[in-house]
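Beneath this line is the structure, given in structure tokens, with notes to follow.
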Amino acid sequence: MFGYRVPAPDEAMLISGGRRGLGGAPFRVVTGHGKFVLPVFRKTRFLTLSMCEAEVTETCVTRQGIALHVRAVIAFKVGNDHESIINAGQRFLSDQDQMSVLTGRIFAGHLRAIIGSMTVEEIVTERQKLAAEVLDTSKVEMAKIGLIVDSLQIQSIDDGDVGYIEAMSAPHKAAIQRQAQIAQAQATQASVEAEQVAARNQAEYARQTAVVKAEYSAEVDRAQAQAAQAGPLAQAHAQQEVLAAQTELAQRAAQLRQQQLVGEIVKPAEAEAERIKVLAIAEAERMKIQAEAAASHDRVALDRMLIEQLPQIVKEAAGGLAGANVNVLNGADGLGEIAAGLVAQGLTILDSVRQNLSGQNSDGRPEKADGLLELPGYLSTPEKDKDKDGDEPKDDRVGE
């Protein structure tokens, strides 16, 4: 629209002509909105409010007399208030590039003044402090010309060929290098230790693997050996059982044979010994009876005859034991009991005969005893002992 002017967001529109601005300024300031401007009667100019930059490269002498080459960068702009815009417009509206030149010169002066009061060590180690002091000392002057500083950055500090800063940093460099070497050595040692640990772990794993393989192989071999020996072991066990059965059978056969030998040899021998013992006892009894008969005059003939028949009686009784299988339970006592029994049997027979012959004939001869004459093999009479020819037969059963 004709006559309507609008400033950019980072600009301030300055309208001169007509009535004055605030505070007696020769122009009016318009920001953020438009304004009708009469042509010919009013004149419109624009002042930038954007950020500007100024670079300072200055050689400064420290409190120690050492020259330092300092390079700094200043970021500044025109203030947003009307007073700052008016101050800046009156000074830089026709040549706005002069703002950077003037700002650099102002900061260069303050930078030389502040560095002159500090040592190299303070300047190098406390750059932020240096920048803050420069900003504080230049703030009032910058406000007078309508400018404000957003930041000041010290880009570099160099002493040229003096070598002071390098010498100052030498201990730190040496310490850093030493620390770096130590760190490198520690890293190398740690790397070597890690490699050794890895090698030991690999060796241990290989050992465990070999042990497991060996155990598995041994188990497989043992199982194969057991499988291979299973047949022979079973056969050996079977043969062992057969041998045990044969041994038991042989032992039973030996026991049976021993019993047979006892029955065939020992028992007959014991019976024969018993028979001889019985005969000896009977002989002793015969001699005793003969002695008693000799003392008795009444029955000498009868006693003599009975005494002569007693050995034959006992002999006949003992003859039954010759082929008998007699089991003697209590040894010598048992044999004695058998012998005593035979003698007692003979004596019983003798007593019976005596009782039967207790009567005698009128001529003093003994009467016939039916019981005695009916005992074959023990006593004989002339009537029954004569054979057909009239001769007396011989009786092998009667001992002399």
For this session: For Ile176, state whether it is surrounded by 10 or more Cβ atoms within 10 Å (Cβ to Cβ) and within 30 Å of Ser138 (Cα to Cα).
Result: no
Problem set entry | Ala12, sole failed condition from (1) modelled with pLDDT of 85 or more; (2) assigned to a strand (DSSP E or B); (3) over 18 Å from Ile148 (Cα atoms); (4) in contact with a helix residue (DSSP H, G or I) (Cβ under 8 Å, 6 or more places away or on another chain) | (3)
Seminar exercise, completed: If we keep only residues of segment 24-78 that are within 18 Å of Glu11 (Cβ to Cβ) and aliphatic (A, V, I, L, M), then the residue nearest to the chain's Cα centre (by Cα) is Met51
Exercise. Restricting attention to segment 34-53, which residues are farther than 19 Å from Ile85 by Cβ and aliphatic (A, V, I, L, M)?
Worked result: Leu38, Val40
Exercise. Only one residue in Val61, Val70 is surrounded by 15 or more Cβ atoms within 10 Å (Cβ to Cβ) and either over 18 Å from Ala143 (Cβ atoms) or at pLDDT below 90 (or both). Which one?
Worked result: Val70
For this session: Select from segment 86-122 the residues that are of a type in the set (Val, Ile, Thr) and touching a residue at least 40 places away in the same chain (Cβ under 8 Å) and list them in ascending order.
Result: Ile86, Val101, Thr103, Ile115, Thr119, Val120
For this session: Go through (1) assigned to a helix (DSSP H, G or I); (2) at positive phi and name the single condition Gly160 misses.
Result: (1)
For this session: Quick one: Gln196 ticks every box in (1) farther than 20 Å from Arg112 by Cα; (2) open to solvent by less than 60 Å² (accessible area, probe 1.4 Å) except a single one, so which number is it?
Result: (2)
For this session: Output the residues belonging to segment 78-97 that are open to solvent by 30 Å² or more (accessible area, probe 1.4 Å), outside any loop (DSSP other than H, G, I, E, B) and not polar (S, T, N, Q).
Result: His82, Glu83, Arg91
For this session: Please tell me if Gly146 is on the phi > 0 side of the Ramachandran plot, over 60 Å from the mean Cα position of the chain (by Cα) and buried (at least 20 other Cβ atoms within 10 Å of the Cβ).
Result: yes
Problem set entry | Hey, Ala236 at pLDDT below 85, assigned to a helix (DSSP H, G or I) and under 30 Å from Gln312 (Cβ atoms) or not | no
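The values are calculated or read from the model by the stated rules, or taken from the named source; none is laboratory data. Just so you know, these numbers come straight off a predicted model, no measurement behind them. Cβ sites come from the backbone with ideal geometry, for glycine too, and all protein chains shown count toward neighbours. Note: areas computed on protein heavy atoms with side chains; ligands, DNA, RNA excluded. Shrake-Rupley method; radii C 1.70, N 1.55, O 1.52, S 1.80 Å.
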